[in-house]
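First the structure, in the form of structure tokens, and then the observations on it.
Derivation of every value follows stated rules applied to the coordinates shown; laboratory data play no part. Quick caveat: nothing in here was measured; it's all calculated off a predicted structure. All Cβ positions, glycine included, derive from the backbone under ideal geometry; neighbour counts span all protein chains shown.
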Amino acid sequence: MDKLLMELKNVEMYFFQKRGIFSPKISIGAVMGINMHINEGEITALVGESGGGKTTIANIITGLLKPTNGEVLFRGKNIYEMNRTEFKEYRHSVQLVQQDSYAALNPVRTIEHSLVGPILSRKIVKNRKEAIQKAKEALLRVELSPPEIFLEKYPHQLSGGQRQRILLARAILMNPSLIVADEPVSMIDVSLRIAILNLMSRLNREMNIAFLYITHDLATARYIAQNGSIYVLYLGKIVESGKTRIVLERPVHPYLQALLSAVPIPDPDIEARKRKLPIKSIDISFTTKLPTGCRFHPRCPYADEKCSKEEPQLVPIEGRLCACHYAESIPEWRYLE
């Protein structure tokens, strides 16, 4: 039976913007009503368009942002009710791998400093000699060999793929239970993405580290989280969630159907037979001016008056949760005609 590691309960995050000296503050809901769970040793995917709130959720899970409302539970305990020692242990156990690997590393410090410094300051090792040895072992684990060469280099001397491996090495040095990988392959050459995904899968298997893989790319989400779970986010709300195989093989929500129909296929014959889902508009709404009712209704081909007035709630259907008024009556979507 799966053991729960991390859980978000009704999490909401609002930011406040002031447009002028005498203007009142405007409340912007980045994420609303988020309920998620991540099991120990599982790879979970969070997918959605840019600006949908994915990075906000990542920052909440890693403790970098305190949500406006809701609970963030780690091993069953609210992280904001922890004492200082417990919270410190939680911050060690949940690591973040950022999208921009160059910005995440100090450009004037060597890789040795970036890896050795954190484990010395957190007293994971007794002395610098042990820290360097541990850093070398981490570099070998992320397939950077010989490690001595990489320790003396600066970030600008490495490729994007190598820097991303450095970030993974820095994360595993903290002995984490969960790594939140925020778009880890979006800034890497397409030819190298599969290698990074395979590396994360291997770390998951060998070290029993859970991953939250955040992306806008359904293809990579399907690949890395094929045995885990997936959450589909749209304008700050989860519209469909469940086991990856179930959700992606038979998508129910029109937004997910539209996303899958937009994935290109390199074979022209298969591409010609692929079923298209014509959405009403390609324009996404702004979080500062969200539509009433269902947030997807201005683009949804099945929307009616009810969709524009009433916001659907996540309900169980066919082995997953889906937020759509007509989830049970929408035609079954198939990849090919």
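Applying 1/(1 + (r/R0)^6) with r as the Cβ-Cβ distance of residue 12 and residue 159 and R0 = 35 angstrom yields a FRET efficiency of 0.35.
Shown is the FRET efficiency for residue 207 and residue 317, computed with R0 = 30 Å from the Cβ-Cβ distance and rounded to the nearest 0.05: 0.25. Which of (1) 56, 39, 38; (2) 67, 57, 47; (3) 69, 54, 44 is the computed Cα extents along the principal axes in Å for the structure on display? The calculated read-out lines up with (2). Put a dot 7 Å past the Cα of residue 328, heading toward its Cβ, do the same for residue 35, and the two dots end up 1.8 nm apart. Looking at the stretch 173-271 alone, DSSP beta bridges between its own residues are antiparallel in about 55 percent of cases. DSSP assigns beta bridges within the chain; of those with both partners inside it, close to 60 percent run antiparallel.
Return the FRET efficiency for the residue pair residue 82, residue 2: r is the Cβ-Cβ distance, R0 is 25 Å, and the value is rounded to the nearest 0.05. Computed FRET efficiency for residue 82 and residue 2 comes out at 0.60. Of the trypsin sites (Lys or Arg not before Pro) found in the stretch 88-147, the ones in coil according to DSSP and having at most 10 other Cβ atoms within 10 Å of their Cβ are 123, 126.
Once you've got the GNM for the chain with C-alpha springs shorter than 10 Å, pick whichever of 55, 68, 215 has the biggest mean-square fluctuation. Judging by the Gaussian network model, the answer is 68. In a Gaussian network model over the chain where Cα atoms closer than 10 Å are linked, find which of 103, 131, 58 has the largest mean-square fluctuation. Checking each option, the largest mean-square fluctuation is seen for 103.
Of 157, 226, 17, the residue with the greatest mean-square motion in the GNM of the chain, using alpha carbon springs below 10 Å, is 17.
In the chain, the DSSP-assigned H stretches of four residues or longer account for a calculated mean residue ellipticity at 222 nm of -9500 deg cm²/dmol, using -39500 (n - 2.57) per stretch and the full residue count as denominator. With the simple spin-label model, which puts each label point 7 Å out from Cα in the Cβ direction, the residue 175 to residue 292 separation comes to 5.6 nm. Axis angle, to the nearest 10 degrees, between helix 84-93 and the longest C-alpha principal axis of the chain: 80 degrees.
Close amide H partners of residue 96, meaning residues 5 or more places away or on another chain with modelled amide H under 5 Å apart, are 180.
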